[in-house]
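Here is the structure we will look at, set down as structure tokens.
The values are calculated or read from the model by the stated rules, or taken from the named source; none is laboratory data. Since the structure is predicted, the reported quantities are computational estimates derived from the model, not experimental observations. Counting neighbours? That spans all protein chains shown, and the Cβs are built from the backbone with ideal geometry, glycine included.
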């Protein structure tokens, strides 16, 4: 029988209530609620002052997320991303069968280079759902394609969701190293987690797309005579501001990747590395702020519009949940939750268990804002109690499990795709299709994570 102190019980109940509220009311920003619970629980049960509790706000993570989302807020509000999308889709020309592949690759690339899954789906859903109607593809199939591509690429180390994952991994790194987990370069591990997500999402959502009618649709397009101008009208050429924005995005990607590669690391002097990071690795937030400054000085963006476009709700949720989880850790609740999960797992099955649990909660709640900050800090304790396991596999299982269910209409992405579906679509039917698919993904995601990360050890 697991024994828990009053402080551990109180902190655990606090987290359960906050997560429950996030599942019940989508309009409620649980980050604010989480901070309130943290102050009360910390003061009453863990002998922590309010000032001490507030110092747990993840400042580094906040600055990185703010810098990256502001830069891509400029790129979105000045029209750069819209023109990039239209030009990419026009690459299909008269071959409509290529459009799903182009859309998948385009969403994958855009998500990877920085805007992240939330911004990309918000940007792309109105465009691609309209295109689905023009090319005779069901909104259900297009939703699987859009959400699968966006969430597969969401864990890029320079995208907001990937930044959250990497930040928590960096914080846990000393504990994991002490447990014999030889992590090495955190940046390389972040890309490994990104690749794990891509593989699993492709198998799950793209596999579903092909099996449930996508392949049949592609075969039917052999005799299509649609004009690309009817599908995606030709946009105006990029102006000087938009070319400068595209150049800034390319610089961001290069300054994140090149300093971490052994072949190109010597190109960057200590002074240069101090300018763009910690002196050893690039800080994507710092680079994004520098590039945003250049764009604003060159009058290539509107700072007010960019700020309004930023996902402040998610940023506040991540920070608030981070404070509550820190209090939960100090109160002993984190160890109690670890013990509960470890009691029904072993070093292999834990990957499926984590994916299933995170998936069920994420179907109703925020994947990156609530579920990841809650589950990722459990990894060191689980490895210790289970007597083994792979940290990167567990992190990948939590990340994938929490995002595989995002086609559910109860989540942001499913809701956006339903809202953007054509008027000819039966939205009641689409809602039922997506909710069945979304909830089934909690099981499918658990099975895939058990196989890929548990048995195969990817």
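Having 2 or more residues that are under 20 Å from the mean Cα position of the chain (by Cα) and buried (at least 17 other Cβ atoms within 10 Å of the Cβ) is the bar; report the helices (runs of 4 or more DSSP H) wholly within region 59-131 that clear it.
59-77, 99-112
Every residue, every condition in (1) over 29 Å from residue 135 (Cβ atoms); (2) in contact (Cβ under 8 Å) with a residue 60 or more places away in the chain, yes or no:
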| site | (1), (2) |
| --- | --- |
| 202 | no, no |
| 232 | no, yes |
| 241 | yes, yes |
| 248 | yes, yes |
| 251 | yes, no |
| 258 | yes, no |
| 267 | yes, no |
| 274 | yes, no |
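Conditions first: (1) within 15 Å of the chain's Cα centre (by Cα); (2) within 26 Å of residue 67 (Cβ to Cβ). Residue 404 passes all but one, so which condition is the exception?
Every condition holds for residue 404 apart from (2).
From the list 399, 390, 351, pick out the single residue that is crowded, with 20+ Cβ neighbours inside 10 Å, over 15 Å from the mean Cα position of the chain (by Cα) and either under 20 Å from residue 444 (Cβ atoms) or without any contact (Cβ under 8 Å) to a residue 24 or more places away in the chain (or both).
Answer to the selection: 351.
Kindly indicate which of 8, 56 is crowded, with 16+ Cβ neighbours inside 10 Å and part of a loop (DSSP other than H, G, I, E, B).
Going through 8, 56 in turn, just one is crowded, with 16+ Cβ neighbours inside 10 Å and part of a loop (DSSP other than H, G, I, E, B): 56.
So residue 257 ticks every box in (1) part of a helix (DSSP H, G or I); (2) over 23 Å from the mean Cα position of the chain (by Cα); (3) within 26 Å of residue 63 (Cα to Cα) but one. Which box is left unticked?
Only one criterion is unmet by residue 257, namely (2).
Kindly establish whether residue 425 is in contact with a helix residue (DSSP H, G or I) (Cβ under 6 Å, 6 or more places away or on another chain), in the same structural domain as residue 451 (by TED's automatic domain parsing), in contact (Cβ under 8 Å) with a residue 40 or more places away in the chain and more than 24 Å from residue 191 (Cα to Cα).
Taking the combined requirement at face value, the residue satisfies it.
From (1) touching a strand residue (DSSP E or B) at 6+ places or on another chain (Cβ under 8 Å); (2) under 30 Å from residue 136 (Cα atoms), pick out the condition that doesn't hold for residue 235.
(1)
On the basis of being assigned to a helix (DSSP H, G or I) and out of contact with any strand residue (DSSP E or B) (no Cβ under 7 Å at 6 or more places or on another chain), does residue 288 make the cut?
The answer is yes for residue 288.
Run down 252, 226, 244 and say which single residue is buried (at least 16 other Cβ atoms within 10 Å of the Cβ) and outside any helix (DSSP H, G or I).
Within the list 252, 226, 244, the selection yields 226.
Among 152, 148, which is buried (at least 22 other Cβ atoms within 10 Å of the Cβ), under 24 Å from residue 435 (Cα atoms), in contact (Cβ under 8 Å) with a residue 60 or more places away in the chain and touching a helix residue (DSSP H, G or I) at 6+ places or on another chain (Cβ under 6 Å)?
After ruling out the rest, the residue left standing is 148.
Only one residue in 457, 401, 438 is closer than 13 Å to residue 144 by Cβ and in the same structural domain as residue 351 (by TED's automatic domain parsing), so which one is that?
438
With the structure loaded, tell me whether residue 41 is surrounded by 15 or more Cβ atoms within 10 Å (Cβ to Cβ), touching a helix residue (DSSP H, G or I) at 6+ places or on another chain (Cβ under 6 Å) and either at positive phi or in the same structural domain as residue 319 (by TED's automatic domain parsing) (or both) or whether it fails that test.
yes
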